[in-house]
Amino acid sequence: MYKIIRFFLFQFDPEKIHYFTAKLIRITLSIPGMKWIWSKRYCIQDETLERELFGLKFSNPVGLAAGFDKNATMFNDLAYCGFGFIEIGTVTPKGQDGNPKPRLFRIKEDSGLINRMGFNNAGLAEAVEALKKNKRKVIIGGNIGKNTNTSPDGYTSDYLECFAELHPYVDYFVLNVSCPNVSSHAKLEDVDYLRELISEVQRVNASKEIQRPVLLKIAPDLNNQQLDEIIDLVAQTTIDGVIAANTSVNRSELKTSESRLEEIGNGGLSGKPVTAKSTRVIKYLSSHSNKAFPIIGVGGIHSEKDALEKIEAGADLVQIYTGFIYEGPGLIKRINKAILAKSK
């Protein structure tokens, strides 16, 4: 059924169809009885699926990655798709339009997406207002970043502002420092700067009555030396975990033609082309740290097999995004059923 729906949806501009789909989900779930139907169709309740990490209890290990619900307007509805957790954002202090359109592209031959959204979002204040409507059906992560026009000496202030304002409304935080579509990308992945940023966030966190888990989202294109630096960084800062991995700038071995890729231009690659890359990063971090910290695995999960490979590589939880678009909400239930079968 979803393949028929997808065929129709894929005839239109991907960014426009995203907002259309969001509205369609909201309208559908407003019909009396539809939430119950979706819960029965997509959700699995089983204690075997529950996971406890960094002080949080997840009903199941399958989450939605940041970028789908940028402005925290969909999470209450998306909870009926069976997710164990949903990450909103990336949220920046001020609302911003992001990069010029078009900026989101399907590469159907590779079952992937290329985006250069540029942290488009309505801003911190609107995210907070939306999160006040949280019906507590699912764990919420807050993915935070800096405004495009912020000067380098203000990066940390941007992250701290988002952290402080979102703190009462989200269950965990993600420092998004690995998006290839923001300015001064090099500084955001400089280990010395990351140590400073994490330390400042941890300082503010420690001043709160309740401390929120803080995770770092890294790129799939890091080499082994850089991954070793991440392992050392986690140990030094005692940050709670790592999300591996963000979109990739590497476009080797794609089926999509060179001419089409040149037409699309710059942007981060997601979907099936990054499956192996993100799994490699997960496996390296897990094995070389002796499983010293939790890892959320994301990148190219389009099937139950993809998700199980991430978990076997060392991921404690997994997230989907592009796979959700290509495979539909049924993917979440299939992954959870596969995890249950594996545990027996």
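Throughout, read-outs are computed from the coordinates displayed, never taken from laboratory work. Computed from a predicted model, the values in this text were never measured in an experiment. Note that each Cβ is placed from the backbone with ideal geometry, even for glycine, and that neighbours are counted across all protein chains shown.
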Whole-number D in µm²/s for segment 44-121 (Stokes-Einstein; Kirkwood sum over Cα pairs; 4 °C, 1.567 mPa s): 88
The chain, helix-only ellipticity at 222 nm - DSSP H runs n ≥ 4, -39,500 (n - 2.57), divided by all residues, nearest 500: -12000 deg cm²/dmol
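Pick out, in residue order, every one of the trypsin sites (Lys or Arg not before Pro) in segment 256-304 that is DSSP loop and has at most 15 other C-beta atoms within 10 Å; say none if there are none.
Details: sites: R260, K277, R280, K283, K291; in loops: K291.
In loop regions of segment 256-304 (DSSP not H, G, I, E or B), the sparsely surrounded trypsin sites (Lys or Arg not before Pro) are K291.
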Selection of trypsin sites (Lys or Arg not before Pro), segment 156-234, meeting DSSP coil and at most 16 other Cβ within 10 Å: K208
Extent along principal axes [Cα atoms of segment 1-71; Å; largest to smallest]: 42, 29, 23
Cut-off 12 Å (backbone N to label point 7 Å along Cα→Cβ of E15), residues of segment 98-135: 98-105, 115-121
Stokes-Einstein diffusion coefficient of segment 57-204, Kirkwood radius over Cα pairs, 25 °C, 0.890 mPa s, in µm²/s: 154
Two-site label geometry, D228 and A125: point separation in nm, points 7 Å out along Cα→Cβ: 4.9
Other-chain or far-sequence residues with amide H under 5 Å of L113's (modelled H): I107, S270, G271
Where only C-alpha atoms are counted, convex hull volume of segment 216-298 per residue in Å³: 86
Segment A292-E196, length gained on full extension (0.36 nm per residue, minus Cα span): 32.4 nm
Per-pair calculated FRET efficiency, R0 = 56 Å: A338 and T238 via Cβ, rounded to 0.05: 0.95
Neighbour-limited loop hits for GluC sites (Glu not before Pro), segment 50-107 (at most 14 other Cβ within 10 Å; DSSP other than H, G, I, E, B): E50
Histogram of C-alpha separations across segment 250-344, 5 Å bin width, %: 2, 13, 21, 19, 18, 12, 8, 4, 1, 0
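Could you work out the per residue convex hull volume over the alpha carbons of the chain, in cubic angstrom? Walk me through the intermediate numbers first.
Details: hull volume 45.0 nm³, N = 344.
Hull volume over Cα atoms, normalised by residue count, gives 131 Å³.
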Length gained when the stretch E209-K133 is fully extended (0.36 nm per residue, less Cα-Cα span): 25.1 nm
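At most 15 other C-beta atoms within 10 Å and a DSSP loop state: those are the exposed chymotrypsin sites (Phe, Trp or Tyr not before Pro) I care about. Give me the longest piece of the chain that has none.
Counting at most 15 other Cβ atoms within 10 Å as exposed, the longest clean stretch of the chain is 13-344.
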Share of alpha-carbon pairs per 10 Å distance bin for segment 32-89, given as whole %: 23, 47, 29, 2
